[in-house]
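The values are calculated or read from the model by the stated rules, or taken from the named source; none is laboratory data. Source: prediction; values computed, not measured. No Cβ is skipped: glycine too gets one built from the backbone with ideal geometry, and neighbour counts run over all protein chains shown. Side chains are part of the model used for accessible areas, which takes the heavy atoms of the whole protein and leaves out ligands, DNA and RNA. Shrake-Rupley method; radii C 1.70, N 1.55, O 1.52, S 1.80 Å.
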Amino acid sequence: MVNLVEVQAESRTRDRVRRAVGERGPVSASALAKELGLTAAAVRRHLDALEHDGVIVEHVPSGGAPRGRGRPARAYVLTAEGQEQFTTAYDGVATAALHYLADTMGEQAVESFADQQVVELEGRLRAAMDRHLTASGADPDDLDARASALAAALSEEGYAASARPVGPGAGPAGIQLCQGHCPVRSVASEFRHFCEAETEAISRILGVHVQRLATLAGGEHVCTTFVPTGALGAREPTPQERARARPYVIPRATPERTGPRSTPTTPTHDHHADERSER
């Protein structure tokens, strides 16, 4: 006889694993076990079931090198189907409303709407980030601390974000800001200006130029934003990398110098020298 209590408990645990993969992916079974307070065997059982159902998939790092001895453990991310399980019935209504706005008032009206929404989000993120920095006692000018605080602020807004250091290696080192969920994914899939406006907001909040590498709206498993810290790898950086690199610590604004400026002197022309050269 089927024990309904056990079945419900198993279903709830599986849903916790699925949500954790969405929030932390790419994430390994051992990391999930530690975070959720489960045994590694139990987590692997749920991962196998979720993978079989097409909800999660093994994450293949850039370059697609096979795993072997000394390689990292298998890490998982949500599939497109897994991401769809985060959506709500309101997503279709919101997308339809924006299509109506675009048809009646033009694409610029949709972009203006997206900009306004992101401006409001930026204000909330700044306030939350400052709160996290104050609570942790971290240096508000430290880029690592700011990125971590921003990830926490994004998570509070439903983005399931995390910040991870990357490099140094072949190129500039930095911070990888990952968002495992996007509350406006369905809308952004059709109106990409939402992604562009969000990227610009992240850049303004952190005070450095950032680069969006992947988006959920574009079909990737996670939104990934690269935040350069200015630390370079072992090889000589290219001129382009030097131009893109930013200071590791965000400098404070300094008052302008009010003292008198030196006035450049205009060189005089030696007419006598011209006369001598003509003789």
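Quick notes on this one:
- Selection from the range 37-55 of residues that are part of a helix (DSSP H, G or I), surrounded by 16 or more Cβ atoms within 10 Å (Cβ to Cβ) and aliphatic (A, V, I, L, M): Ala42, Val43, Leu47, Leu50
- Filter result for Leu98 (in contact (Cβ under 8 Å) with a residue 60 or more places away in the chain and within 15 Å of Pro183 (Cβ to Cβ)): yes
- Among the residues of the range 102-122, the ones that are open to solvent by 40 Å² or more (accessible area, probe 1.4 Å) and under 26 Å from Arg204 (Cβ atoms) come to 10 in all.
- Checking each residue in the range 123-179 for being among the aliphatic types (A, V, I, L, M), at pLDDT below 90 and surrounded by fewer than 17 Cβ atoms within 10 Å (Cβ to Cβ) picks out Val166, Ala170.
- Gly25 meets all of the listed conditions (1) modelled with pLDDT of 90 or more; (2) within 24 Å of Gln176 (Cα to Cα) but one, namely (1).
- Answer residue from the range 56-83, given it is among the basic types (Lys, Arg) and modelled with pLDDT under 75 and is most open to solvent (accessible area, probe 1.4 Å) among those: Arg69
- The range 208-233, residues that are open to solvent by 50 Å² or more (accessible area, probe 1.4 Å) and either farther than 21 Å from Glu111 by Cα or out of contact with any strand residue (DSSP E or B) (no Cβ under 7 Å at 6 or more places or on another chain) (or both): His209, Leu213, Gly219, Glu220, His221, Leu232
- Count of the range 102-125 residues, restricted to those that are touching a residue at least 40 places away in the same chain (Cβ under 8 Å) and either at positive phi or not small (Gly, Ala, Ser) (or both), is 9.
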